Structure formats: structure tokens, C-alpha cells
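The values are calculated or read from the model by the stated rules, or taken from the named source; none is laboratory data. Computed from a predicted model, the values in this text were never measured in an experiment. Backbone-built Cβ (ideal geometry, glycine too); neighbour counts: all protein chains shown. Just so you know, the surface numbers come from the protein's heavy atoms only, side chains and all, with ligands and any DNA or RNA stripped out. Shrake-Rupley method; radii C 1.70, N 1.55, O 1.52, S 1.80 Å.
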Amino acid sequence: MTRKEAVRKIVGDRPLRAREKGKAYAPANIALCKYWGKRDEELNLPVNSSLSISLGSLGATTEVVAGGDKDTFRLNGEHIEGPAPALARVSAFLDLLRPSPDVFYHVNSTSTIPVAAGLASSASGFAALALAMNDLYDLNLEGKSLSIIARLGSGSASRSIYHGFVEWQAGSRDDGMDSYATRLTDEWRELRLGMIKVSHGEKAVGSRAGMKIAKETSRLYRAWPEKAAEDLLSLKEAIHLKDFHLLGRTAESNALGMHATMMDSWPPILYWQPQSVEVMHQIWRLRSEGLPVYFTMDAGPNVKILFEENSRADVEAAFPEVTVVAPFLHP
Ligand code: PMV
């Protein structure tokens, strides 16, 4: 099935009439149980279910206007000119709802993610774009459909449709209609995420390539789906019980397990920089001294620290460069 066919399943053949403008906001998210490996590369269908926490007011606001004779994309005030991969990805996503090849769009997106946070922006970017297109064409799609459409832009974008804790069910259908995210009702107001930016540069291997190499070449990867399923259950229990140690321990182990599959790949992938490892050791040292802090990492060198508000002063003292996010204090 193609991505366009998947969108047609949701939107049907109704005529699409653009309003003056579509506009939407979507938060970034950090996975505590990672999406790692695709069972379908065209539709971004995952091997395993995942669970994330959305970052409240850190995210993307996107406006879409139909018109012009080519797609244009402005990101944080800067025109992204072709043949930039970012413009090509946005255009390819717009193709999914473009009613005919002579319809074009002006996309204007601004991100509130501070550069110092070192966070990827594709999840909030594609989720905001999916929501903005829903607004532009007055589609009134519900969360499930929006999550499916956002997933076609970037897997993790399926989770950025919602605030709070979000679970993305892997599903098993070939058309992916059962692979979408839902919001968990639980809140954890004291929970904090601390972002430590380690590197400014473009990473050498993107997450799409990284998960493909791991799935195809790592023997350790064979154990990944089972580990992810167990971790997901533990995380849901931790959230339900508000057991911070269980949450932190499971998220940290899940991230390290994902990175283990990369080190076991051929060619090997190591996203860690020396400073990433230093931060990990510092967190382990703080923990051995009794401070309840854990970390998670995505397909890059930056480290995200998990802690609760009552540890904030100690975390900020240990990591003066940290950007702290309170995911549940920004509805
Ligand atoms: O959505 P993508 O293709 O950027 O993949 C995201 C992969 C990880 O960030 C490593 C894990 C996750 O679940 O977000």
C-alpha cells in the first residue's frame, strides 16, 4: 500500500476545498520506550509499540496557505530552498493531500524548541503539518486519523498529536489502520525532563537509516521487540503507580538497549560523543549518591535527564547548561 492510498482510506474521495489558511501547534515528544525498527518502510509501520511524553509548549506552530506555482517552506523565518531534503520531505508529505498536481502550498513553521535543547524537530514538525492541513481543508479528522497521517511524515510524529503520556500501538494490519497513538489519561505534574545538548553538528546517520541497519544486521536486535514489549508494560505500571524509580530505570534501560542494537550493527553505529558518556557517568554518580535521576537518549549524542521537581536544584547545579521542561505544566 502506498502512503497516498492510506490517506485516501481516511479522507475518502470528498472534494477538498481550501480555507484561507490552516494553522496548528504540535508538541515535540521524547520516547521512554523507543520506536526502533519498521515493519513497513513506506508507511512507517513500527516493529514495536512505543510510549512517549510530549513536551508541552516546546514544539512547532505551522501555517499552510494554498497557492503559488511551487511549494515553499519557511522554517523559523528562513526560506528553505530546493533541493534541500527538508523541503523535499515537506513537499512529499503535502502530496498526500494535494487534490491535484497544480495545487501548491506555502508552509510557514516556527519552533519553540530552544537550540540549546538539541532536540529533533521532525515529530512536532510533521504532526503540526498534518494538523494544519486538517484545518486548511476543514477535514475535522479525529485523533486516530490525524495520528496515522502524521506517522506517514515521520513515525514519531504519530505521538506528537497529543500532550501528556502517549502510547503508539504498533498494530498488525498491512494498511496500518491499527497503528496509531492514543493519549494516556495519567498525569505526572512533578515530572521533569532536562535536555543536555552535546553536539551541534548534523548527525552522520539519520534514525531511518539507523533503525534499518540495526534491524537488518544486528543479532541483538532480535531480542529488541520482546524487550520493548516488556518495557512498555513496566512504564505503564510505573505511570499508573507514579513509581519514579521504575519509570526511570525502565526508560534508561530501554534507551541503552536500543543503542546496544546499533553497536551490534554492521557497519556499527555509535551516536555517543565523549561528552554523552561523561553525562551518563555523572548521572550514575549522582544516583549512587542518592539523587533520583535517570536518562534517555535518541538517535543522536544528546542526553535527556529524567527527574522530579524536588531534584531540580541538584540537577541544575550538576548540569548548569540543562534546559528543563515540565511536560504537564503547559497544557
Ligand atoms: O520518527 P523518526 O523516524 O525520527 O524516528 C524516531 C526514533 C527515535 O527517536 C530514536 C525513537 C522514538 O521513538 O522517538
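Being open to solvent by less than 30 Å² (accessible area, probe 1.4 Å) and assigned to a loop (DSSP other than H, G, I, E, B) is the filter here; which residues of the stretch 141-158 pass it?
Of everything in the stretch 141-158, those that are open to solvent by less than 30 Å² (accessible area, probe 1.4 Å) and assigned to a loop (DSSP other than H, G, I, E, B) turn out to be Leu141, Ser154.
Only one of Arg98, Arg8 is open to solvent by less than 30 Å² (accessible area, probe 1.4 Å) and free of Cβ contacts under 8 Å to residues at least 24 places away in the same chain. Can you tell me which?
Within the list Arg98, Arg8, the selection yields Arg98.
When the stretch 205-250 is examined, which residues are found to be within 15 Å of the ligand (Cβ to nearest atom), of a type in the set (A, V, I, L, M, F, W, C) and either in contact (Cβ under 8 Å) with a residue 12 or more places away in the chain or not in a helix (DSSP H, G or I) (or both)?
Hits for the stretch 205-250 are Val205, Met211, Ile213, Ala214, Trp224, Ala228, Ala229, Leu232, Leu235.
I need a count of the residues in the stretch 169-179 that are open to solvent by 80 Å² or more (accessible area, probe 1.4 Å) and not polar (S, T, N, Q).
Looking only at that region, the number is 2.
Counting just the residues of the stretch 40-65 that are among the hydroxyl-bearing types (Ser, Thr, Tyr) and open to solvent by 20 Å² or more (accessible area, probe 1.4 Å), which one comes out farthest from Ser91 (Cα to Cα)?
Among those residues, the one meeting the criterion is Ser49.
Within the stretch 122-130, is even one residue free of Cβ contacts under 8 Å to residues at least 40 places away in the same chain, within 16 Å of the ligand (Cβ to nearest atom) and not hydrophobic (A, V, I, L, M, F, W, C)?
Yes, the conditions are met somewhere in the stretch 122-130.
Of the numbered conditions (1) open to solvent by less than 10 Å² (accessible area, probe 1.4 Å); (2) more than 17 Å from Arg74 (Cα to Cα), Ala128 satisfies every one except a single condition; which is it?
(2)
Taking the condition of being of a type in the set (Phe, Trp, Tyr) and out of contact with any Leu (no Cβ under 9 Å at 6 or more places or on another chain), how many residues in the stretch 206-258 meet it?
2
For Thr2, state whether it is under 23 Å from the mean Cα position of the chain (by Cα), within 30 Å of Gly194 (Cα to Cα) and β-branched (Val, Ile, Thr).
no
Residue under question is Ile161, and the condition is that it be part of a loop (DSSP other than H, G, I, E, B), under 14 Å from the mean Cα position of the chain (by Cα) and of a type in the set (A, V, I, L, M, F, W, C); does it hold?
yes
Would you call Thr261 within 12 Å of the ligand (Cβ to nearest atom) and β-branched (Val, Ile, Thr)?
yes
Can you tell me which condition Trp188 does not meet? The list is (1) within 13 Å of the ligand (Cβ to nearest atom); (2) within 30 Å of Glu278 (Cα to Cα); (3) in a loop (DSSP other than H, G, I, E, B), and all the others hold.
(1)
Please go through the stretch 180-201 and give me each residue that is of a type in the set (Gly, Ala, Ser) and surrounded by fewer than 16 Cβ atoms within 10 Å (Cβ to Cβ), ordered by number.
Across the stretch 180-201, the qualifying residues are Ser199, Gly201.
If I go through the stretch 104-121 residue by residue, how many of them are among the hydroxyl-bearing types (Ser, Thr, Tyr), away from the ligand (no atom under 16 Å from the Cβ) and open to solvent by 50 Å² or more (accessible area, probe 1.4 Å)?
Residues in the stretch 104-121 being among the hydroxyl-bearing types (Ser, Thr, Tyr), away from the ligand (no atom under 16 Å from the Cβ) and open to solvent by 50 Å² or more (accessible area, probe 1.4 Å): 2 in total.
Condition (residue is within 16 Å of the ligand (Cβ to nearest atom) and in a helix (DSSP H, G or I)) applied to the stretch 92-103: is it met by at least one residue?
yes
Among the residues in the stretch 21-36, are any open to solvent by 30 Å² or more (accessible area, probe 1.4 Å), part of a loop (DSSP other than H, G, I, E, B) and farther than 30 Å from Asn140 by Cβ?
Among the residues of the stretch 21-36, not one is open to solvent by 30 Å² or more (accessible area, probe 1.4 Å), part of a loop (DSSP other than H, G, I, E, B) and farther than 30 Å from Asn140 by Cβ, which makes the answer no.
Lys70 versus (1) under 22 Å from the mean Cα position of the chain (by Cα); (2) outside any strand (DSSP E or B): which is the lone unmet condition?
(1)
What are the pairs, 6+ residues apart or on separate chains, where a residue within the stretch 66-89 that is without any contact (Cβ under 8 Å) to a residue 24 or more places away in the chain and surrounded by fewer than 14 Cβ atoms within 10 Å (Cβ to Cβ) has its Cβ under 9 Å from a residue that is part of a helix (DSSP H, G or I) and of a type in the set (A, V, I, L, M, F, W, C)?
Note: pairs meeting the criteria are Glu81/Leu87; Gly82/Ala88.
I'm trying to understand the selection: among the residues of the stretch 1-57, which are among the polar types (S, T, N, Q), closer than 30 Å to Gly118 by Cβ and away from the ligand (no atom under 16 Å from the Cβ)?
Within the stretch 1-57, Ser57 is the sole residue that qualifies.
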